[in-house]
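K.L.:
One structure follows; several queries about it will come next.
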Amino acid sequence: MEEKKILVLLRQMFAGEIKNVSTTLGDDVLVIDKEALLPLVKFLNNKPHEYNMLLDLTCVDYMGEEPRFEMVYHLFSLSQNKRIRIKARLREKDLSIASLTTIWKNANWLEREIFDLFGVHFEGHPDLRRIFMYDGFEGNPLRKDYPLRKRQPRIRLRK
Amino acid sequence: MGMKKHLPPAQFITTQFNYILGWARKFSLFHYPFVTACCGMEYMSAACAHFDIDRFGAGWTRFSPRQSDMLLVVGTVTQKLAPVLRTVYDQMTEPKWVIAFGTCAVSGGIYDNYAVVQGIDTIIPVDVYIPGCPPRPETVLDGLLKLQEKIQKQEQEWRWKKRKF
């Protein structure tokens, strides 16, 4: 019942920004507008809900759909032993969302990973540069339109 | 009567010296383990007491490429790591041999993607390929014996017979 309560509460507080609310396999799922991310996450992070751990932060490329990209945030409440999932769609032309580095330190590297592999820009990130791929690598390899056989070697290959 | 058809003495000595040098070299391989992935566990089991490559004269692990003459590339090599592997190979002193250990080093293996080098022979010359994901230590020993065979048979280079670059 607790999980229902928080969804109802959030629906009241962020009426305009929350598009959809559901519960799958015991976890709450929120689909929101990207502008609402930072206030919503700040609200969830504080007492009494204490979703104070950022488990993961990732991105999905739905090529052919509009908006094309979807950011997914997994939060965990240590005091309640509960998870919540927040999803926000991003348009390809305006590929940016607020950074969570002000709230969680581990968002720094996670966001750099998404920037590297998908090309999403995080506003307010202190050090947004590639984390996996090397300098000089062109493109974002986890996008669906990255060519499957494209290779970008750093040194000249023998054959 | 058949005496004139024999090799002249100097050439006989050269051939025997070549043979002895090969024999000495194949039983004193100092190896450098370039371990990047899970194949390293099999490398450890092959190198340590369980399977003990010291029986074949390759027991001494040197953790400096300058002191070693057998490069074991154990595991996946990514495009990001490729210049490092090239540098390690260049730093090794002659004579040197390279073993590609495991499927990833041989051909890239299951990682047919943007990040992984499709076989280390696109970066450095390889003498022996050991397949397997990961290879059994017996396979590693077999590969080592193959390399020893190759070393014994090849034209040896030594000080006063330097390679012309």
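K.L.:
Just report the Cα centroid separation between the stretch B:71-106 and the stretch A:108-136, whole Å.
P.N.:
29
K.L.:
Cut-off 10 angstrom, C-alpha nodes, Gaussian network model of chain A. Which of A:81, A:140, A:106 fluctuates the most?
P.N.:
Most flexible of the set in this elastic network: A:81.
K.L.:
Taking the mean number of other Cβ atoms within 10 Å as a proxy for protection, how do you rank B:11-22, B:121-132, B:92-103, B:144-155 from highest to lowest? The partial results should precede the final answer.
P.N.:
Details: B:11-22: 12.9, B:121-132: 18.8, B:92-103: 21.2, B:144-155: 16.0.
Packing proxy ranking, top to bottom: B:92-103, B:121-132, B:144-155, B:11-22.
K.L.:
Once the Cα atoms of the protein assembly as shown are picked out, what are the Rg and Dmax in Å?
P.N.:
Gyration radius and largest Cα-Cα distance of the protein assembly as shown: 29.2, 113 Å.
K.L.:
For the stretch B:41-165, what does the equivalent ellipsoid look like in terms of its semi-axes, each the square root of 5 times an eigenvalue of the Cα gyration tensor, given largest first in whole Å?
P.N.:
Working: eigenvalues 106, 81, 34 Å².
Here the semi-axes work out to 23, 20, 13 Å.
K.L.:
For the stretch A:2-93, would you read off the P(r) tail past 19 Å as a percentage of all alpha carbon pairs?
P.N.:
37
K.L.:
Grab the DSSP H runs of the protein assembly as shown that are 4 residues or longer, score each as -39,500 (n - 2.57), total them, divide by all residues and round the 222 nm result to the nearest 500 deg cm²/dmol. Intermediate values should be presented prior to the final figure.
P.N.:
Details: 8 runs with 92 residues, N = 324.
Result for the protein assembly as shown, helices only: -8500 deg cm²/dmol.
K.L.:
Also, I was wondering about something else. Across peptide B:82-92, how many C-beta atoms of other chains are within 10 Å of each residue C-beta, on average?
P.N.:
1
K.L.:
Right, another one. Ranked by Cβ crowding within 10 angstrom, fewest neighbours first, how are A:130, A:149 ordered?
P.N.:
Ascending number of Cβ neighbours within 10 Å: A:149, A:130.
K.L.:
Can you put A:135, A:116 in order of Cβ neighbours within 10 angstrom, beginning with the fewest? Don't skip to the end; give the middle numbers.
P.N.:
Numbers: A:135 8, A:116 19.
By the 10 Å Cβ count, ascending: A:135, A:116.
K.L.:
Working from the pairwise distances between different alpha carbons, so that the mean of 1/r is found and then inverted, what is chain A's Kirkwood radius in Å?
P.N.:
Kirkwood radius, chain A: 17.0 Å.
K.L.:
For helix B:9-26, report the angle its Cα long axis makes with the longest principal axis of the Cα atoms of chain B; keep it between 0 and 90° and round to the nearest 10°.
P.N.:
Result, in degrees: 20.
K.L.:
Once the Cα atoms of helix A:107-118 and of chain A are each reduced to a long axis, what angle between those two axes, in degrees from 0 to 90 to the nearest 10, is obtained?
P.N.:
Long axis of A:107-118 versus the principal axis of chain A: about 50 degrees.
K.L.:
Expressed as a rounded percentage, what relative contact order does chain A have, with Cα pairs under 8 Å and six or more residues apart?
P.N.:
Working: 250 pairs, mean separation 25.5, N = 159.
Relative CO of chain A lands at 16 percent.
K.L.:
Treat the count of other C-beta atoms within 10 Å as a stand-in for reagent exposure and order B:84, A:29 from fewest to most.
P.N.:
B:84, A:29
K.L.:
Same structure again: Suppose a student asked you for the relative contact order of the stretch B:1-110, using Cα pairs under 8 Å spaced at least 6 residues apart; what percent would you report?
P.N.:
Relative contact order of the stretch B:1-110: 26 percent.
K.L.:
In degrees, nearest 10, range 0 to 90: what is the angle between the Cα axis of helix B:82-91 and the longest Cα principal axis of chain B?
P.N.:
Roughly 30 degrees, rounded to the nearest 10.
Each value in this text was obtained by applying a stated rule to the coordinates, not by laboratory testing. None of these values were measured; they are calculated from a predicted model. We place every Cβ from the backbone using ideal geometry, glycine too, and count neighbours over all the protein chains shown.
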